[in-house]
Amino acid sequence: MTPTLLGRWETRFFLFAILGGIISLVVSLVLSGFKTPLVLTPFAVLGYVFLFGLVWDAIYQNVLYSRWDRDWPTIFQVLAGIVEGALVWLLIHYIGLPGAPSSALPLSIFLIHYGSIWLSIFVVTQGPLRIALPRWRFRGGEWF
Amino acid sequence: MQRTENILYARLTWQDPVTGEERRRLAPLPITLGRAGDNTIELNSDAVSRQHAVLEYSNGEVMLRDLGSKNGTYVHNLRITRRPLIEGDTFQVGPFRLLLEFGPAIQQQAQARQQAFTQAQDEYATVMMPVDVGMNVVETPRQIRVRWTNRATGQTYDITAAPPVTIGRHHDNTIQLPARKASRHHAVLTLEGEQIMLNDQGSGNGTFVNGERIQRSIIRPTDTIDIAGFLLAAEPAAAPAAGAAWVSAAPSRTPGAAPAIPAPSVPAPAAPPQPAPPPQVESTLLFSLETGVLQPFIPPPVVDESFPPAFFRQPVVPIWQLQRSPIPVSETTYLAIGGGLGSFAWVDRLLIQGVRQNQIVVFGLDPKPHGRYERLCYYSQIPGYERLRSNSDACPDNLWGWPSYALREIWHSLGRGQIGNALKVSWQVFGEPVLTETYTPRAMDVFQAMDREARRIGWGNIWRYGTARAIRKTDDGRYVVAYTQINQRLEVVKQLIVARYVHLAMGYPGIQFLSDLQEYRERTRDFQHVVNAYEDHNHIYEHLMRYGGVVMVRGRGIVASRVIQRLAEVRARNQRVGILHVMRTPLLAGHREGRVRRKTEHHTELQPFNWPKACWGGVLRNKLEQADDHERDRLLNDWGGTTTASRKDWRRIMDTGLREGWFQQRFGSVKRVERGKDGRVYSLLAAGNPQQQDEWLAADFIIDCTGLEAAIDSNVLIKDMIETYQLRRNPKGRLGVTSDFEVLGMSNGPGRVHAAGAMVLGGPYAPVDSFLGLQYEAMRAVDDLVALRAPGLRRLGPLRSIAQWMRWARGVHP
């Protein structure tokens with residue numbers, strides 16, 4: 001991939017909203033035993049990953065500029081996913097983030113939730129997204 | 001009154017780092033060099049300071065002085081501040097290598113020019129060649145050239161004949177083999193497209209290709225066919241005249257005698273004209289207008305005054321004149337001129353976005369869109385099983401780029417049980433380019449996928465054999481194109497076609513030789529020992545296989561890497577092969593831009609593709625599109641140039657060769673090339689410094705791997721269009737286009753002309769001639785037409801895109 005900063009942000013926003021939203025809803029339903037009120041922690045986690053991600057994206061873009069090809073290899077995308085997830089989990093676990101009490105979030109649930117969001121986004125950005133958005137790859141990930 | 005003081009003139013020669021076009025400037029000293037526009041010579045690159053260096057006359061010497069530049073001025077690889085230069089010296093400023101000449105010949109030339117010469121101008125070394133508009137040379141149908149040896153007697157034979165070429169013991173065969181082990185009708189050679197096919201006719205003792213018994217096999221020019229002790233080699237040949245079945249039966253030759261070189265299969269010119277005309281133009285290898293085959297010389301033009309017709313002399317043709325013309329006129333909405341990869345990308349998209357087949361016409365010389373590309377690959381030593389320098393998701397057969405070639409290769413490998421390869425490719429696309437070498441697709445996989453897509457969209461129904469000669473605007477907001485075709489009786493048919501939307505993608509106009517090699521070829525007419533890598537030069541490898549020899553490879557870059565690889569393969573079978581790799585300058589540090597520097601290895605810069613990857617669709621694409629002309633020229637010079645891919649096998653070949661001594665690298669500019677009495681070619685390499693003597697280097701063959709592109713003026717249609725409409729050129733001298741690739745100055749009411757490929761290099765997009773680049777150009781051009789509400793065309797929104805992808809996946813017509 002050869003993203004631009006705006007492309008990273010837009011892709012992050014839409015894929016978190018669509019894929020992240022669906023997966024968080026499923027996790028939330030499972031956690032609340034398919035009863036109201038819903039457990040909102042998965043949505044809070046999603047929100048934090050997204051917000052921190054906006055900052056991460058700016059850092060990644062700086063790394064990208066230090067590469068001659070100004071590209072973002074697949075392996076970097078994988079490493080970025082691990083670092084982003086680790087940061088959010090450590091913050092929740094050791095410092096605590098509003099709306100995401102660490103008691104309500106065992107590591108296993110976090111791994112399943114975050115892992116499936118990351119994996120689905122990874123798979124979709126590796127190719128299938130281009131079928132719906134044929135101009136996406138030429139615009140550095142920008143949707144419009 | 002002019003003072004009688006001596007004014008010393010100097011001529012500097014250098015190359016555009018991207019297009020390779022040679023530039024020259026003759027000017028009086030002092031000559032200033034730098035990036036700023038007020039220098040005598042403006043060198044557009046980030047690595048050049050605004051006021052970089054000056055050449056001046058001081059105390060009887062020509063002095064090169066650095067003006068405190070950031071990246072320095074180099075003479076013989078030493079950074080200098082002040083240094084006297086002599087005639088023929090070269091020096092380096094950023095990516096530019098300049099050759100200095102100021103001898104008596106230059107002074108004379110300067111005086112002769114002085115009158116017309118108010119200010120010295122850039123000269124382009126490539127002057128357009130007269131192009132054959134004669135209709136007398138018809139090279140269809142294609143023929144097959146077969147050479148064979150009787151192993152028992154050592155006699156060799158050579159014929160060129162129209163297919164089918166039958167082989168057997170009976171006298172009614174094209175090739176009669178007097179051997180008892182040969183069957184009466186043993187085998188037959190046919191042409192299928194560009195490929196030669198060998199079929200065994202149920203022979204008793206079998207037909208062998210490279211030692212394996214076959215029933216049916218594709219024959220490459222390097223393959224050896226064994227029938228009853230006769231060794232045969234076959235290659236496609238252009239027939240010089242229609243209908244002639246037997247063109248030549250060469251006298252026999254005994255192996256072991258003086259190493260005779262088989263004649264090249266490119267048609268050599270007829271007997272040279274009696275007093276050889278002085279080479280007035282520096283010619284190039286041009287693609288024949290009739291066959292699309294690269295030719296070392298284009299025959300003198302046979303001017304046909306009647307075509308294009310007289311009304312083409314006006315820039316806007318009234319429709320009524322077309323209607324009254326005796327020349328047949330047809331109409332279409334969309335017209336693609338070129339018929340190669342660029343046309344294919346545009347047509348594929350038009351069809352996917354709703355246009356019907358009967359609204360589109362394509363002109364080309366090769367029925368397959370990848371025909372010419374495949375041929376150039378093959379000559380430059382990328383046979384079908386080798387990998388192209390192209391990305392996994394640059395798929396000319398699939399505008400979405402998914403599934404990518406890597407995914408398809410993984411899938412097919414799994415299907416065939418080749419788990420190892422599947423794992424290897426998976427690891428490669430996952431780790432590239434950090435942990436592994438970048439994945440690139442196999443040439444034949446790409447070509448087969450394109451054939452499948454061509455069948456799906458019905459390319460055969462819209463493609464027509466034809467050569468466009470000229471284009472004019474019409475007074476009803478359309479365009480008329482004059483073109484010629486050759487009919488079944490091999491007559492030239494002149495026709496006109498009117499279209500509203502025209503797409504020009506005619507590829508490289510030609511390939512330019514290094515000037516010393518071009519001079520040698522024109523002087524000696526020796527097209528066998530000095531060749532271009534893009535010509536058919538398999539005779540060299542065949543000769544080396546048998547007799548060994550030294551090959552001089554000129555130039556760096558991907559083509560040089562391939563040729564060296566091929567030579568190393570030959571060397572594995574004949575140890576008497578040596579490689580001399582000659583480059584103008586050593587290169588230890590790569591190009592720098594911003595805070596990054598390109599890596600180098602064996603004096604060549606490394607980059608997975610021709611351009612940094614973000615040029616296709618990332619931050620660099622945006623940057624170039626937003627830049628002005630001057631800035632674009634600078635960016636392209638910094639990002640482009642000759643580079644090669646980092647490949648383990650190439651590294652190993654060079655390391656081993658350097659260690660064992662059969663591969664050597666030499667640096668310097670070649671002043672002259674001469675044919676020795678011993679039949680070898682000698683190159684005079686300018687010495688690195690004044691204390692040393694120039695050196696003669698001997699070689700059996702020289703292969704020019706610089707891959708220089710000729711100026712677009714070599715293309716008649718483009719040149720005529722630029723002159724008629726006074727079109728603006730971009731800084732690389734190519735066609736000026738908008739960011740949607742619309743040719744500036746060609747719009748005509750609702751009518752539009754778009755262009756793609758090498759002819760628009762220097763504009764808003766860098767990788768114009770790559771697979772993915774051509775798809776990008778098609779996307780922008782077609783989106784532009786959608787905005788104009790072109791008939792039948794719909795926007796490719798998400799729903800349509802998904803639906804069309806599913807049709808692609810099912811192999812259904814769009």
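What follows is calculated from the coordinates using simple rules that are stated; it is not laboratory data. Everything quoted here is computed from the prediction, not taken from an experiment. Cβ placement follows ideal geometry from the backbone for every residue including glycine, while neighbour counts extend to all protein chains displayed.
What does the helix-only formula give at 222 nm for chain B: each DSSP H stretch with n ≥ 4 adding -39500 (n - 2.57), the total divided by the residues, and the result rounded to the nearest 500 deg cm²/dmol? It would help to have the intermediate numbers written out before the result.
Numbers: 18 runs with 192 residues, N = 814.
Helices in chain B give a 222 nm mean residue ellipticity of -7000 deg cm²/dmol.
Starting with the highest mean, order B:429-436, B:729-736, B:795-802, B:634-641 by the number of other Cβ atoms within 10 Å, averaged over the residues of each peptide.
Values: B:429-436: 16.9, B:729-736: 20.9, B:795-802: 14.4, B:634-641: 23.5.
Answer by packing, highest mean first, reads B:634-641, B:729-736, B:429-436, B:795-802.
By the scheme Lys and Arg +1, Asp and Glu -1, what is the net charge of all other residues having a beta-carbon under 11 Å from that of B:TYR501?
Details: positive: B:ARG478, B:ARG500, B:ARG752; negative: B:GLU742, B:ASP784.
So the surrounding residues net to +1.
Which whole number gives the average, over all residues in B:432-439, of C-beta atoms from other chains lying within 10 Å of the residue C-beta?
The mean count of partner-chain Cβ atoms within 10 Å per residue comes to 3.
Would you work out the charge dipole size for region A:5-138 about its Cα centre, treating the Cβ of every Lys and Arg as +1 and the Cβ of every Asp and Glu as -1, and quote it to the nearest 20 debye? Present the calculation step by step, with values, prior to reporting the outcome.
Details: 8 positive and 5 negative charges, 51 e Å.
Roughly 240 debye, rounded to the nearest 20.
Could you go through region B:549-563 in sequence order and give the Karplus-derived ³J(HN,Hα) for each residue, using 6.51 cos²θ - 1.76 cosθ + 1.60 with θ = phi - 60°, rounded to whole Hz, and x for Gly and Pro?
For region B:549-563, the Karplus curve yields x, 10, 10, 9, 9, 9, x, 10, x, 5, 5, 4, 4, 4, 5 Hz.
Quick one: what are the phi-derived ³J(HN,Hα) couplings along region B:737-752, Karplus 6.51/-1.76/1.60 with θ = phi - 60°, whole Hz, x for glycine and proline?
10, 7, 5, 9, 6, 7, 6, 5, x, 10, 5, 9, x, x, x, 9
How big is the C-alpha Rg of the protein assembly as shown next to the rule-of-thumb value 2.2 N^0.38 Å, as a ratio? It would help to have the intermediate numbers written out before the result.
Working: Rg = 30.7 Å, N = 958, 2.2 N^0.38 = 29.9 Å.
Rounded to two decimals, the normalised Rg is 1.03.
Search the structure for amide H atoms under 5 Å from the amide H of B:THR600, placed 1.01 Å from N in the peptide plane, and list their residues when 5 or more places away or on another chain.
B:GLY590, B:LEU606
For the pair B:GLN485 and B:GLU87, how long in nm is the line joining their label points, each one 7 Å along Cα→Cβ?
Label-label distance for B:GLN485 and B:GLU87, simple model: 5.9 nm.
Using only the alpha carbons of region B:20-80, what is the convex hull's orientation-averaged projected area in square nanometres?
On the way: hull surface 19.9 nm².
Convex hull of Cα atoms, orientation-averaged projection: 5.0 nm².
Would you grab the residues whose amide H sits under 5 Å from the one on B:VAL530? Only those 5+ places off in sequence or on another chain, please, with H modelled 1.01 Å from N.
The list, which skips near neighbours in sequence, is B:ILE702.
Counting only other chains, what is the mean number of Cβ atoms within 10 angstrom of the Cβ of each residue in peptide B:605-618? Write down the numbers at each step before the final one.
Details: counts 1, 1, 2, 3, 1, 0, 1, 6, 9, 13, 3, 5, 13, 15.
Taking the mean over all residues of the peptide, I get 5.
Could you estimate the translational diffusion coefficient of region B:466-550 from the Stokes-Einstein equation, with Rh from the Kirkwood formula over C-alpha pairs, at 20 °C and 1.002 mPa s, in whole µm²/s? Display every interim value, and only then the final one.
Details: Rh = 17.3 Å.
This corresponds to a translational diffusion coefficient of 124 µm²/s.
From the P(r) of region B:311-366, could you give the percentage of C-alpha pairs in the tail past 13 Å?
Numbers: 1042 of 1540 pairs.
That fraction is 68 percent.
Rounded to two decimals, what is the ratio between the C-alpha radius of gyration of region B:558-624 and 2.2 N^0.38 Å? Kindly include the intermediate steps, with their values, before the conclusion.
On the way: Rg = 16.5 Å, N = 67, 2.2 N^0.38 = 10.9 Å.
Expressed relative to 2.2 N^0.38 Å, the Cα Rg reads 1.51.
Cross-link list B:LYS424/B:LYS613; B:LYS368/B:LYS613; B:LYS368/B:LYS671; B:LYS424/B:LYS599; B:LYS368/B:LYS623: which exceed 30 angstrom alpha carbon to alpha carbon? Please report the intermediate quantities before stating the final value.
Details: B:LYS424/B:LYS613 23 Å; B:LYS368/B:LYS613 28 Å; B:LYS368/B:LYS671 42 Å; B:LYS424/B:LYS599 25 Å; B:LYS368/B:LYS623 35 Å.
As for pairs spanning more than 30 Å Cα to Cα, those are B:LYS368/B:LYS671; B:LYS368/B:LYS623.
Treat each spin label as a single point 7 Å out from the Cα along the C-beta direction, and report the B:ARG184 to B:VAL329 distance in nm.
Label at B:ARG184, label at B:VAL329, 6.1 nm between them.
Give a residue-ordered list of calculated ³J(HN,Hα) values for region B:510-522 (Karplus: 6.51 cos²θ - 1.76 cosθ + 1.60, θ = phi - 60°; whole Hz; x for Gly, Pro).
Those phi angles translate into x, 10, 9, 8, 4, 5, 5, 6, 4, 4, 4, 5, 5 Hz.
Around B:ILE319, with a cut-off of 14 angstrom between Cβ atoms, what is the net charge of the other residues, counting Lys and Arg +1 and Asp and Glu -1? Write out the running numbers ahead of the final one.
Working: positive: B:ARG324, B:ARG472, B:LYS473, B:ARG478, B:ARG500; negative: B:GLU331, B:ASP475, B:ASP476.
So the surrounding residues net to +2.
Based on Cβ point charges of +1 for Lys and Arg and -1 for Asp and Glu, what charge dipole magnitude is obtained for the protein assembly as shown about its Cα centre, in debye rounded to the nearest 20? Walk me through the numbers before you get to the answer.
Details: 105 positive and 88 negative charges, 334 e Å.
Once rounded to the nearest 20, the dipole reads 1600 debye.
Can you give the percent of C-alpha pairs in chain B whose distance is more than 46 Å? Mind dumping the intermediate values first?
Details: 86181 of 330891 pairs.
Percent of Cα pairs beyond 46 Å in chain B: 26.
Might you report the magnitude of the Cβ-based charge dipole of chain B about its Cα centre, with Lys and Arg at +1 and Asp and Glu at -1, to the nearest 20 debye? Could the numbers behind the result be given before it?
On the way: 96 positive and 82 negative charges, 333 e Å.
That gives a dipole near 1600 debye.
Any idea what diffusion coefficient region A:5-138 gets from Stokes-Einstein, in µm²/s, Kirkwood Rh on alpha carbon pairs, 25 °C, 0.890 mPa s? Show your work: numbers first, answer last.
Details: Rh = 15.8 Å.
Reported coefficient: 156 µm²/s.
If N is the number of residues in region B:664-813, what value comes out of its Cα radius of gyration divided by 2.2 N^0.38 Å? Each step should come with its number before you reach the end.
On the way: Rg = 24.3 Å, N = 150, 2.2 N^0.38 = 14.8 Å.
So the Cα radius of gyration is 1.65 times the expected 2.2 N^0.38 Å.
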